[in-house]
Every structure is written in C-alpha cells, then in structure tokens.
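Beneath this line is the structure, given in structure tokens, with notes to follow.
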Ligand SMILES: [Zn+2]
C-alpha cells in the first residue's frame, strides 16, 4: 500500500491542476488597463463605447475573474498583467501542437479544450484533456509561488470526516463538496469506500510525473480520493503507450465535485480518476472559446 501511495503521489500530481477560489478582484476596475495601456478598454460588447474603443477578448476578461491579474492591452494584443508586473499574453501568435501547448501555453490555449459535465463516458479521443493545459505562472501568481508560501497559507477543511489541508482560495468550494458528499454517503453508505480511509492527498509541491510542469497539488488546490478505487493512465498504458480509459468512481461523486467548480481527471484521455482540482474557469460559460 505504501508503494501504491507513493506511486499515487508521483502520479497524481499529474492529474494536475488547479483549484480555484473566489475571484480575487471582482471589482470592475481590475479590468482597467495598467498604466502603459493608452486607450480605455471596454470589457463587454454591451458596454457603452465608441467604435474606436478596443474590446478585450471575453475569455481573457473571464480568466481575470478567477485568477489574479489585470486585463491590459499590449500593442495589437492583450495580456493579463500579474501583480509582480509580468505580462501573460492572451495570444502569443505561435502555432502549437498539443505537446507545445502543454509546455508553453498562452492564456487562450488554456481554454482551448472545453470541459463538459454530464454522464460519465469513456474518453477515447487522443489528447482530449480539458483542463490539463495550464499556465504555471498564472497558477503561481494566484495560489502561491513557492512551496513555503503555499504551505503557510493552507487551511484545514473537513473532507467527509477527515481534516485535509487546502488552499484558502479553494477551501470554501471543497467544504461545499464535502457537505454534498456526506449527504450522499448517508443515503448510500457504499460510497464511503471512495471517500474515506486512505486518501491520495491534497498538498504536495511537485512537478507532474515525467514533466517539469507543476501539479495542481503543488498549490493545495487538488485532492485525490481513495487511490485503491482509482485508475491512472500512467499505471495502465499499453506497451506502445496506447491508453484504454477506465474508471470506478461513481457519477454522484463526480457530480458533487463538478457542481462546485472542480474538474475531474476522469474527463481526460490521460485519465486520473482519483483526481479533482479546483478550476472554476472551466465551468464559467463566459470563459468558453
Ligand atoms: Zn491528483
């Protein structure tokens, strides 16, 4: 079991991702241009504006609701200006493969695969991994840039009777999931096998297995449920790397997480069914391309 858990820890970082928290800057002024931007910016087509006023891409405006940073115009393009002054381009003008999107995504790339809720279904389309394309700089700015910074901010959340550490931006959402799961377990006690006992865990500052990209576990914004009831592509891939999607996690558990903004690793071709990460932007229709 220890070996299995160790594998889970290595692996499940891979599910990756990020959880989210309430928008840090709901104030509309957060979308105003930073000082270098010369022109006023309308963030919605319905805003009063003159024809000459530039309109920020709706997806970028949406991302700014869920992560830190201000929408700014940079030359002919758009960016999210992070609190440390770094600009993250909305569209970097580079044509990318799936792999290069994973490695060096601009912000638009991170929303390029829509996430669909609903009945659990096998994922057999290669690289259909909604939510696995993440911009590390955006996550670090939002959730914590170092292991010590993230750890110092973690808070306790009661997850179906167990205390787990979680990022404060995502803790309220996880608490709501837990409340829903407890009600489900009360109705259907067999569900506890997936949720109580030996969990895969939450915070762990680490790269995703076999990559240099950070797992969302690094930010304390992802949780792995019971490993023994889970499937993970790295453990089960064929000799030529081919994948056959598998899952044991029941629909009701997935629904409870997704209803509070958690993306599930079972929606991925590169499946990781123990893994849930806080990604409210994936459930916000205004972020959809
Ligand atoms: Zn995980």
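The table that follows gives values for the structure above.
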{"quantity": "Prolate/oblate/rounded label for the stretch 108-170 (Cα gyration tensor, a/c 1.5)", "calculated": "oblate"}
{"quantity": "Fewest-first ranking of 66, 270, using other Cβ atoms within 10 Å as the exposure measure", "calculated": "270, 66"}
{"quantity": "Normalised contact order of the stretch 51-130, rounded percent, pairs of Cα under 8 Å and 6 or more residues apart", "calculated": "19 percent"}
{"quantity": "Sites residue 74 and residue 136 - FRET efficiency at Förster radius 35 Å, r taken between beta-carbons, to 0.05", "calculated": "0.95"}
{"quantity": "Computed over the stretch 157-289: relative contact order in percent, which uses C-alpha pairs under 8 Å that are six or more apart", "calculated": "22 percent"}
{"quantity": "Approximate spin-label separation residue 239-residue 183, in nm, with each point projected 7 Å along Cα-to-Cβ", "calculated": "5.0 nm"}
{"quantity": "Residue order, fewest to most beta carbons within 10 Å, for 96, 140, 237", "calculated": "237, 96, 140"}
{"quantity": "Ranked 269, 194, criterion: other C-beta atoms within 10 Å, fewest first", "calculated": "269, 194"}
{"quantity": "Protection-proxy order for peptides 215-228, 276-289, each taking the mean of Cβ atoms within 10 Å per residue, highest first", "calculated": "215-228, 276-289"}
{"quantity": "Potential lengthening between residue 99 and residue 151 on full extension [0.36 nm per residue; Cα-Cα distance subtracted]", "calculated": "15.7 nm"}
{"quantity": "Whole-Å distance, taken between Cα centres, linking the stretch 119-145 and the stretch 176-192", "calculated": "26 Å"}
{"quantity": "Label-point gap, in nm, between residue 120 and residue 91 - each point 7 angstrom along Cα→Cβ", "calculated": "3.9 nm"}
{"quantity": "Difference of contour (0.36 nm per residue) and Cα-Cα distance, residue 252 to residue 193", "calculated": "19.9 nm"}
{"quantity": "Three-way shape call for the stretch 68-109 based on the alpha-carbon gyration tensor, with the a/c threshold at 1.5", "calculated": "oblate"}
{"quantity": "Alpha-carbon centroids, the stretch 245-276 and the stretch 58-74: separation in whole Å", "calculated": "27 Å"}
{"quantity": "Gyration tensor (alpha-carbon) shape descriptor, the stretch 136-289, a/c threshold 1.5", "calculated": "rounded"}
{"quantity": "Rough spin-label spacing in nm, given labels placed 7 Å along Cα→Cβ, for residue 84 and residue 206", "calculated": "2.4 nm"}
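Coordinate-derived values only; no laboratory data. Here the structure is a predicted model, which means the values were calculated and not measured. All Cβ positions, even for glycine, are placed from backbone atoms using ideal geometry, and neighbour counts span all protein chains on display.
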